[in-house]
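Shown next, in structure tokens, is the structure this report addresses.
The values are calculated or read from the model by the stated rules, or taken from the named source; none is laboratory data. Note that the structure is a prediction, hence the values are computed from the model and not measured. Heads up, the Cβs are rebuilt from the backbone with ideal geometry, glycines too, and the neighbour counts pull from every protein chain shown. Ligands, DNA and RNA are excluded from the accessible area calculation, which covers all protein heavy atoms including side chains. Shrake-Rupley method; radii C 1.70, N 1.55, O 1.52, S 1.80 Å.
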Amino acid sequence: MSVLIFVDHIDGHIKKASHEALSYGAKIAEQTGTTAEAVILGTVNDDLEKLGEHGVKKVYQVQNEQLQQFDSQVYTKVIAQVAQQSGAKVIIFSNNSSGKALAPRVAVRLKAGLAAGVNALPDTSNGFTVRKTVFSGKAFAQVAIDTEIKVLSLNVNAFTIITGEGKAEVIPFDAIVESPKLKTIDSTKTSGKVSLTEADVVVSAGRGLKGPENWGMVEELADTLGAALACSRPVADAHWRPHNEHVGQTGIAIAPNLYVAVGISGAIQHLAGVNRSKVIVVINKDPEAPFFKAADYGVVGDAFEIVPKLTSAIKKLKG
Ligand code: FAD
């Protein structure tokens with residue numbers, strides 16, 4: 001019996017969300033007196049032995065040409081093989097785009113119970129109960145899973161990365177890998193210097209900026225902070241910014257450590273995609289803007305005055 005954590009990667013590097021999932025899985029293993037193991041599909045530049053620092057004992061690596069490109073159907077079957085052969089009873093994914101595609105599929109394949117979007121360690125004192133977010137993060141639910149195998153997807157930023165000592169044993173895993181049924185014929189990298197879903201800091205702007213010609217100051221703030229750019233939906237609808245920057249209920253859901261919202265009112269549909277950010281800073285000229293209720297820090301004032309001042313203050317601080 002073991003806890004198996006799926007390790008997700010991009011551009012040759014393991015995603016931060018996976019380091020969180022590994023730490024979370026290792027804690028569950030410790031709590032239940034079992035072993036934490038990881039599975040990675042494809043090749044990365046990172047040192048897999050170092051995953052042992054999160055408490056993982058083994059890393060199963062499945063290398064096959066067909067796995068270099070993410071395909072949820074192919075990946076599901078491979079992960080299920082690893083889970084079955086390793087005897088995993090708890091399987092953990094990050095609740096990011098690949099985890100959202102894989103966790104339900106793997107759960108169906110293994111006849112497992114699924115809790116998607118968990119944000120705390122399970123209570124294993126009497127059965128297996130875990131807390132998850134529901135209604136776009138507006139509420140929590142406690143769910144009990146009573147199947148033999150349990151699949152969990154962990155919300156991004158919900159668990160602190162634990163780093164200690166230890167080396168994981170990297171074990172090549174020989175899986176049956178099917179040919180993908182879908183072929184990606186073209187892909188475009190999202191705009192911006194930093195990937196929005198992976199970013200620690202996001203600077204976002206809304207209709208308060210009046211027009212696309214005013215985005216220069218927002219880009220400069222983002223560059224100064226090493227942040228990704230985002231926007232509200234009307235901004236993307238009006239083609240001021242590309243749709244891959246649109247965050248919210250109908251856009252991308254993000255959970256950075258810092259979210260800076262400039263000239264965004266804070267409508268519920270916008271908040272649904274950003275309310276899992278650790279710290280929210282709101283800049284808005286209307287003191288009654290609903291976003292201030294969700295903000296950790298608020299600045300009431302004109303963005304056209306505040307943003308350049310903020311950027312130059314940060315530049316000075318950075319020397
Ligand atoms: P506005 O509501 O126009 O707000 C602009 C803000 O800028 C105001 O608060 C104003 O005080 C402030 N402002 C103006 N000038 C300045 C200035 N000089 N300095 C500082 N502040 C200033 N929206 C999303 O963002 N994401 C979604 O995923 C999404 N999904 C939706 C799904 C549905 C089904 C529906 C019905 C709506 C959805 N919306 C979504 C739209 C959402 O309801 C809001 O209309 C939208 O978020 C408002 O965008 P905004 O805050 O940029 O614009």
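Out of 121, 114, I need the residue that is part of a strand (DSSP E or B), open to solvent by 20 Å² or more (accessible area, probe 1.4 Å) and aliphatic (A, V, I, L, M). Which one? Spell out the reasoning first.
Values: 121 fails: part of a strand (DSSP E or B).
Among 121, 114, only 114 is part of a strand (DSSP E or B), open to solvent by 20 Å² or more (accessible area, probe 1.4 Å) and aliphatic (A, V, I, L, M).
Return the residues of region 65-80 that are open to solvent by 60 Å² or more (accessible area, probe 1.4 Å) and not in a loop (DSSP other than H, G, I, E, B); say none if nothing qualifies. Outline the logic, then answer.
Quick first cut of region 65-80, residues open to solvent by 60 Å² or more (accessible area, probe 1.4 Å) only: 65-66, 68-70, 73.
Selection gives 65, 66, 73.
Which is of a type in the set (D, E, K, R) and surrounded by 23 or more Cβ atoms within 10 Å (Cβ to Cβ), of 37, 30?
Values: 30 fails: surrounded by 23 or more Cβ atoms within 10 Å (Cβ to Cβ).
Unique residue meeting the criteria: 37.
For region 82-98, give me each residue that is in a helix (DSSP H, G or I), under 22 Å from residue 146 (Cα atoms) and out of contact with any Leu (no Cβ under 8 Å at 6 or more places or on another chain).
85
For region 55-64, what are the residues that are open to solvent by less than 20 Å² (accessible area, probe 1.4 Å) and over 22 Å from the mean Cα position of the chain (by Cα)?
From region 55-64, those open to solvent by less than 20 Å² (accessible area, probe 1.4 Å) are 56, 59, 62; that's our starting set.
Scanning region 55-64 gives a single hit, 62.
All but one of (1) open to solvent by 10 Å² or more (accessible area, probe 1.4 Å); (2) within 16 Å of residue 34 (Cβ to Cβ) hold for residue 83; which doesn't?
(1)
Which residue is nearest to the ligand (Cβ to nearest atom), if the candidates are limited to region 266-283 and must be over 25 Å from residue 224 (Cβ atoms) and open to solvent by less than 30 Å² (accessible area, probe 1.4 Å)?
272
Out of 121, 67, 41, which single residue is within 23 Å of the chain's Cα centre (by Cα) and under 17 Å from residue 161 (Cα atoms)? Talk me through it step by step, then tell me what you get.
Numbers: 67 fails: under 17 Å from residue 161 (Cα atoms); 41 fails: under 17 Å from residue 161 (Cα atoms).
Selected residue: 121, the only one of 121, 67, 41 that is within 23 Å of the chain's Cα centre (by Cα) and under 17 Å from residue 161 (Cα atoms).
Return the pair list, or none, for Cβ contacts closer than 7 Å from residues in region 136-152 that are within 29 Å of residue 274 (Cβ to Cβ) to residues that are of a type in the set (Val, Ile, Thr) and modelled with pLDDT under 95, at least 6 apart or on different chains.
140/133; 140/134; 141/134
Kindly evaluate residue 312 against the criterion of being surrounded by 16 or more Cβ atoms within 10 Å (Cβ to Cβ) and either part of a strand (DSSP E or B) or not aromatic (Phe, Trp, Tyr) (or both). Reasoning before the result, please.
On the way: surrounded by 16 or more Cβ atoms within 10 Å (Cβ to Cβ): no; either part of a strand (DSSP E or B) or not aromatic (Phe, Trp, Tyr) (or both): yes.
No.
Of everything in region 164-177 that's touching an Asp or Glu at 6+ places or on another chain (Cβ under 9 Å) and not β-branched (Val, Ile, Thr), which residue is nearest to residue 24 (Cα to Cα)?
Among those that are touching an Asp or Glu at 6+ places or on another chain (Cβ under 9 Å) and not β-branched (Val, Ile, Thr), it is 164.
Out of all the residues in region 284-294, is one or more within 23 Å of the chain's Cα centre (by Cα), near the ligand (Cβ under 9 Å from one of its atoms) and open to solvent by 10 Å² or more (accessible area, probe 1.4 Å)?
First pass over region 284-294, keeping only residues within 23 Å of the chain's Cα centre (by Cα): 291, 294.
Narrowing the set further to residues that are near the ligand (Cβ under 9 Å from one of its atoms) leaves 291.
If we keep only those that are open to solvent by 10 Å² or more (accessible area, probe 1.4 Å) as well, we get none.
No, there is no match, as no residue in region 284-294 is within 23 Å of the chain's Cα centre (by Cα), near the ligand (Cβ under 9 Å from one of its atoms) and open to solvent by 10 Å² or more (accessible area, probe 1.4 Å).
Run down 77, 100, 57 and say which single residue is among the basic types (Lys, Arg) and under 21 Å from residue 255 (Cβ atoms). Outline the logic, then answer.
Numbers: 77 fails: under 21 Å from residue 255 (Cβ atoms); 57 fails: under 21 Å from residue 255 (Cβ atoms).
Testing whether each residue is among the basic types (Lys, Arg) and under 21 Å from residue 255 (Cβ atoms) leaves just 100.
Right, residue 197: without any contact (Cβ under 8 Å) to a residue 12 or more places away in the chain, of a type in the set (S, T, N, Q), open to solvent by 50 Å² or more (accessible area, probe 1.4 Å) and in a loop (DSSP other than H, G, I, E, B) or not? Write out each step before concluding.
Details: without any contact (Cβ under 8 Å) to a residue 12 or more places away in the chain: no; of a type in the set (S, T, N, Q): yes; open to solvent by 50 Å² or more (accessible area, probe 1.4 Å): yes; in a loop (DSSP other than H, G, I, E, B): yes.
So residue 197 fails the test.
When the residues of region 231-259 are narrowed to those that are more than 10 Å from the ligand (Cβ to nearest atom) and in contact with a Leu (Cβ under 7 Å, 6 or more places away or on another chain), which ends up farthest from residue 303 (Cα to Cα)?
Once the filter is applied, the top-ranked residue is 254.
Quick check: anything in region 169-180 surrounded by fewer than 16 Cβ atoms within 10 Å (Cβ to Cβ) and under 23 Å from the mean Cα position of the chain (by Cα)?
No.
Taking only region 250-265 into account, find how many residues are in contact with a Gly (Cβ under 9 Å, 6 or more places away or on another chain), surrounded by 21 or more Cβ atoms within 10 Å (Cβ to Cβ) and either within 21 Å of residue 217 (Cα to Cα) or among the acidic types (Asp, Glu) (or both).
Of the residues in that region, 4 qualify.
Would you check if there is a residue in region 201-222 being basic (Lys, Arg) and away from the ligand (no atom under 16 Å from the Cβ)? Break it down stepwise before answering.
At the first step, the residues of region 201-222 found to be basic (Lys, Arg) are 207, 210.
Filter once more, keeping what is away from the ligand (no atom under 16 Å from the Cβ): none.
No, region 201-222 contains no residue that is basic (Lys, Arg) and away from the ligand (no atom under 16 Å from the Cβ).
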